[in-house]
Amino acid sequence: MDMKDLPKAYDAAAVEADIFKQWEESGAFDPDKLAELDPRYKDAKPYCIVLPPPNRTGTLHLGHAKMLAIEDLLIRFHRMLGKKTYWVPGTDHAALATQVKVEQILVKEGIKNPRKDLGREKLLERIDQFVQKSRDTIVEQCKRMGSSMDWKREKYTLDAERNLAVNTVFKMMYEDGLIERGYRVVNWDPTFQTTLSDDEVEHKETQAELVTFTYDKDFPIAISTTRPETKFGDTGVAVHPDDKRYKKFVGKTLTANFCGKQITLKVIADEAVDPKFGTGALGVTPAHSLIDADLAERHGLPMVQVIGQDGKMTSEAGKDFEGLTTIEARKKIVEMLEKQGCVQKKETVPQSLLIAQRGESPVEQLPMRQWFVRVNKSFKLRNNTLGKWKKGDEATLKELMSYAVESKQVKILPENFEKIYFHWVNNLRDWCISRQIWFGHQIPVWYKRFANTTELTFVTHGSTQDNINETYSGDSDLPLAEQGRQEAVKQGELLAGQNFDLVITSDLQRAVETADLTFAGRKVPFVQDARLREIDLGSPITKDMRLEDHVVEPFQGGESCKDVEGRILSFLEDVGEKYPGKKIAIITHMAPQLALEVLINNKSWEEVIRDDWRKQKPKAWQAGWKYVLNDIKLVASDTPGEGWTRDPDTLDTWFSSGLWTFSTLGWPDKEKWAKEREYHPTDVLETGYDILFFWVARMILMSTYVLGEVPFKDVYLHGLVRDEKGRKMSKSIGNVLDPLDLIPKYGTDAVRLSLVMGTSPGMDQKLSEDKIRDFRNFTNKLWNISRYILTSTKSENRNSKLDLSEIKTLPDQWILQRLDIVWRRVTKKIESYEFSTAGDELRDFTWGDLADWYLEISKDKEGKEEILNFILRNLLILWHPFMPFVTEYIWNVAGFGGLLMIKKWPDVLDELEKVIEWDTSSFYKLRDLIVDTRRLRAEQGVEPGKYISGATGSSELAMMSLIKENEETFKKRARLSELIYGEVPDGWPATVSGTIQIGIDVSGTIDTEKEREKIQREVGQTVSYIKSTEAKLKNKEFASKAPEKVVNDMKNKLEEAKAKLKALEDRMKV
RNA sequence: GGACGUUUAGCUCAGUUGGUUAGAGCGUUCGAUUCACAUUCGAAAGGUCGCAGGUUCGAAUCCUGCAACGUCCACCA
C-alpha cells in the first residue's frame, strides 16, 4: 500500500475480520505450533489459563467480554515474552440452568409439560440442539473479541472425555468414603422437580404472617410460626434450658390433636432456642427445616414428611389436607385454629423466603435420599504435594481447601476475598450433588435388581498354619491346620439350627476342607467357585504385607482388592440370577468378604479395611454374617453391560466444572495427561468474584483432592460490569450493552480497552458508551501517530538498526530513555495484574510524550527516521496485548515483517539497556520553558498562527531566541539549539515580529538536576524510601519505642533497597 | 445479626510498605488549528481526600468510633 493512501481514520470494522483470520491461520494460537513459527518457543516455559467456560445458555455479555479482554491480554503478553501459552477454550453445559431455559422455550412453543410430553430422550435432543446453537454463537463472539485461543482444542464440560473424568472422580470419592447416599433434608425446587445445593438457594425478603397458637385447645405450650402447614410434621417442642416457664415440661412427651391429626411431641431443651422470641417455645419440624433437622438429630426426634415433592401436602397431613398446596393448607389451618380458639396472636413480620437462584420459584426443604460429598469426613490422602501432609495421612476436604489458600499456594487477588473464602469454607456443609434433571452427567452408579432376595451367609474357613502365624499365604494353597479343623467343626455347631439350600466354597483347599467339616452330615449340595478365592498376591509375602497398600494398585503382579471386587461382583450377579430366593452359605476368605461389604453393604474399601475387619476379626471366626442380596450397586467409570440400570439422576454442574483445570488437560487418560501435565497447575484463574464459591472453591477442592496440588497459582477476580448509574445490566431495565452492538460501532480494541482501563480487581465497573467512544478516539490517535511516521519516513528505513552511539540530541535521548523506562514499568505492572495503570503508563507515553512533544519536535529536523520507526515498532509491541487488532494492522501496513503477535517482548528494546547513561533531565526544564512561553505569548497577544504553529515545541524555541536580539539572548538560544539539535545551526527560521518579555535563566536549567532525578525515574520511590527509613532508624525515640522486630524488618528492607540502588548506579557507570 | 468493601475534582476512577505542592480521563470555560489526527492541539478553573478523635516530625494512607451506600453470608421459628 502506498503510504499516501492511508485513510485518515482507522476503520476497525473493515480490517478486524481479516486480521483475525491471519492469526488463526498462522497457527500461533496453538501452543504446539509456536515452535514452528519461531525457534525461541522451542523448550519454552509453559503458560496456561483455562477459559472459564461460558454457559451454553445463550450469548456472551459484557462480563464475558471483560473476562476475554483480560485473559487475552495476559495470554498475548506471555506469548510475546516467549512462553508456550495455552489458553484452554471450552464451554459449560450448565445442567440445570440450560434445561430450565429450554423447557421455558418449549412451554412458550406450546408444549405444556416438556418432560412428560417429550420424555428423556426427546427432551435431551431438543436441549442438544439449543446448546449447539449457543455454542456456535459463543465461539463466534470469542473470535470477534480477538481472543487468541485455538478452538480446535475446544472442550465441553459434557463431552466424552470430561465424562470419563467425572466418573473417575466420582468413583475415587466413593471409594474414599467421601461420596455417600444418604437420607437427609435437602433443598427441593418443586417447580423444576430437583434438589439444589445450598449455594443455589437465595433468600428473598418478604412479609409474612407470624401466627402464635397452641396445637390444640388443651396444649399447654404456645408456639409461633409463619408456616403453620408444616406443623403436621412437628415431633418436638424446643425451649431454652434456662427458661423457667417450661422447665416442668422438658423431657416429657405430649400429644395433641392438631387440626385433626394426632401428633406426638417431645419437649426438649436446647441452647439454640431464643427465649425472647415469641413465646420462647419452638415447634420442631425435622423434615422441613435444615435447622430443625440439626436440632432433631441432637435430641433424637423422628422425621415426618408432610410436604411432598410436588409442593403439596402429603397423606401425613390427614385426609382434609392431603393434596392441598402449602398456601391453601396454611389458610385452612389458621381458620380451623381460630375456630377452636387456639390462636393467640397474628402479626406481620419480615421473613426471608427461600427461592431458587434461577427463576422465582420457592424452595422447600424436604428429606430425601440423595448423593452427598462429605466435606468433613477425613480420608487417607493418595498423593499430596501441598506440603502439609504426606501420602497416607488423613485430612478432610475442608482442610485441603483451607490449606491451599492459607499457605498462599493459591493467591487470591484482591486479597480481601481470601477472608470471604475462609468464611465460606469453614461454614460449608455437605454438598448435595444429585439432581433430578436429565441434562448433565448421569451419576455413574448402576444397579442390578433381582426378582427374589437371596440370603447369603458368610462362613469363614478354618485356620491354616499361615493364618496362625499371621502371615499372608500368597498363592500357596495350604491345608487346614489342626486348629483350623477344630474351628470348622465348631462353626458347624454354631450353624446347626439353620438350613441352607446350597453351599458355595472357594476352590482353595482350606475352604473345601472347611465345607466338609462344617456341613458334615447335612444333605446340602456343594459347589466350588474359583471367584471366591483369596487375593492372588503373586508370590508368598511376609508378615509386613498390608492390605490397604494394594486396594487399587496390584501387588507384585498379583491382584488388588479392586480385582477381587470384580470377581465377587460377577459371582453375585450369577448367584442373584441363578438362585433367587435361596439361602446360601458361602465359604470364602477375608478379601472376598470385604468385597461383599463393599458391594452389598455400601461401604468403601478404606472403611471396611480400617473399621470392620480389624475391630470385628474375632467375630469373623464365629461365622454367620448375613448378606441380603436383592440388588447390587456398582460405581464405575463406564457402563457394566446389560442387565444393569443406571441411577437416573444427574450431577450438579459444578461437579464437572470443578475438574476443569485438569479434565481439560487430558486427565485421566494417562497418555494425554502426560503430554499436557506441564500446564498444571495453571498459572492464573481469571473470573468474576460472583462465582468464587460456586466454581473457584470447588476447583480447589477437586484439584487438591484428585491431584494433591492446587489448580492454579493466582486467582484474579474481576468486578461486575454495571451501567453508567451503577445498576446491574438487566433485560428488564433495558440497560444492557451488547458487545456485538458495540464492536461494529467502536471497534474491538476500544471495547477491550474500556473493559480493562479504569478498573481494579474485585471492584465493580461502571461502563457507558461515552467511555468506549473515548477509547475509540485513542485507537484512532495511535493510528494517526503511525500514519504520520509511516508517511514521513522512507519504507527502506523501517527495520534499520538504531546505532545508539549516534544519538546525541537531547529530545532523541529523552524519548528513547522514556521508552526504556516505560516498557520496564509496563512489564512489571502487567506481571502484577495492574492492567489499568500499565495502560495509563503507556497512554501517557504515547499521547503525552510521543505525539505531543517528540513528533512535533521531529518535524523541524530531518534524519530521525530510524528513531521514529524504532519507536513505532516498540510502541506496537507494547500496545499489542491491549489493542491487538489495530497494532497488528499497523504492523502489517508498515511492513515490519512477520506477525506482531509473536514478536518478542521487549525484543528491539534490548538495545536500549544503555540509555540510562544519558542525562536527559534538562529536557523537562526546557519543556516547562516552552509551556511558559506559550502562556506568555497568549497573555501578551502575539498574533496567533501567523508565524508559529500552535502546537509545536521547537519552532517556539526558535521564536523565543529571537524575541530579544541582544548578546545575552543569543547565547541562550545557541545553548538551547545545541541542547535540542546537538548543534548550532547557521541561520534561523522565520522572522518574528513583536516583543515578548520573558525572564528565564536558561543557563541555570542546564546543569542542575542530575543523577538523583534520573535514579528516581528508574527506581521510583527507592531513594526517598531509603532517606526516610534511615532517618526514622536514627531517631532515638523511634528506636527506643519500636519493637525489635519492626526495627529489624525495616533494616532488612533498607538493605534491599540500598542493594537495588547500588546495582542501578553500577549499571549507570558502565 | 455477622463479615467484607466503598466514600478523593461536576462525573468515572488512580493514589503499592506514611514523605516535597493529592493525580488522570471525561465534562466545563477560554483559546488555537492550510499541519498525521476536529476522533485534533494548548491553557485555565475546579479538592477542608465522608465525619469525629488518636498515633507521628509528618496522615488520603495507620488505629478507634460514627455515618451513608453497596455486596456476600447467616437467619427469629
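The values are calculated or read from the model by the stated rules, or taken from the named source; none is laboratory data. Everything numeric in this text was worked out from a predicted model, so none of it was measured. So basically every Cβ, Gly included, is an ideal-geometry build from the backbone, and we count neighbours across all protein chains shown. We work out accessible area using only protein heavy atoms, side chains counted, and drop any ligands, DNA or RNA first. Shrake-Rupley method; radii C 1.70, N 1.55, O 1.52, S 1.80 Å.
Okay, here's what the table says:
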{"read-out": "Ordering of A:24-31, A:223-230 by packing [mean C-beta count within 10 Å, highest first]", "value": "A:223-230, A:24-31"}
{"read-out": "Accessible area expressed per residue, the range A:1-119, with surrounding protein chains retained (probe 1.4 Å, Å²)", "value": "42"}
{"read-out": "Linear extension gain, A:Ile468 paired with A:Asn113, 0.36 nm per residue minus alpha-carbon span", "value": "121.1 nm"}
{"read-out": "Accessible surface, the range A:654-770, averaged per residue in Å² (probe 1.4 Å)", "value": "35"}
{"read-out": "Local electrostatic count at A:Leu876 - Lys and Arg +1, Asp and Glu -1, tallied over other residues with Cβ under 10 Å", "value": "+1"}
{"read-out": "Loop-located GluC sites (Glu not before Pro) in the range A:263-328, at most 13 other Cβ atoms within 10 Å (DSSP)", "value": "A:Glu271"}
{"read-out": "Exposure rank, largest accessible area first [A:Met729, A:Met368; 1.4 Å]", "value": "A:Met729, A:Met368"}
{"read-out": "Sites A:Val201 and A:Asn452 - FRET efficiency at Förster radius 45 Å, r taken between beta-carbons, to 0.05", "value": "0.60"}
{"read-out": "Inverse of mean 1/r across different Cα pairs in the range A:258-388, Kirkwood, Å", "value": "18.2"}
{"read-out": "Percent carbon-and-sulfur accessible area, the range A:160-220, ignoring ligands, DNA and RNA, probe 1.4 Å", "value": "47"}
{"read-out": "Proportion of all alpha-carbon pairs of the range A:145-250 beyond 15 Å (%)", "value": "82"}
{"read-out": "Surface share of carbon and sulfur [accessible, 1.4 angstrom probe, percent] for the range A:375-432", "value": "51"}
{"read-out": "Links that overshoot a 19 Å alpha carbon limit, given the list A:Lys261/A:Lys312; A:Lys411/A:Lys675; A:Lys380/A:Lys562", "value": "A:Lys411/A:Lys675"}
{"read-out": "For the range A:317-399, the spread of Cα positions along each principal axis, largest first, Å", "value": "68, 31, 30"}
{"read-out": "Flagged links, alpha-carbon separation over 28 Å, of A:Lys45/A:Lys829; A:Lys247/A:Lys377; A:Lys217/A:Lys244; A:Lys713/A:Lys781; A:Lys171/A:Lys626", "value": "A:Lys247/A:Lys377; A:Lys713/A:Lys781"}
{"read-out": "Centroid-to-centroid separation of the range A:143-188 and the range A:192-268 [C-alpha atoms, Å]", "value": "40"}
{"read-out": "The range A:765-854, accessible surface, carbon-and-sulfur percent (1.4 angstrom probe)", "value": "44"}
{"read-out": "For the range A:379-432, accessible area per residue (1.4 Å probe, heavy atoms of protein chains only), Å²", "value": "52"}
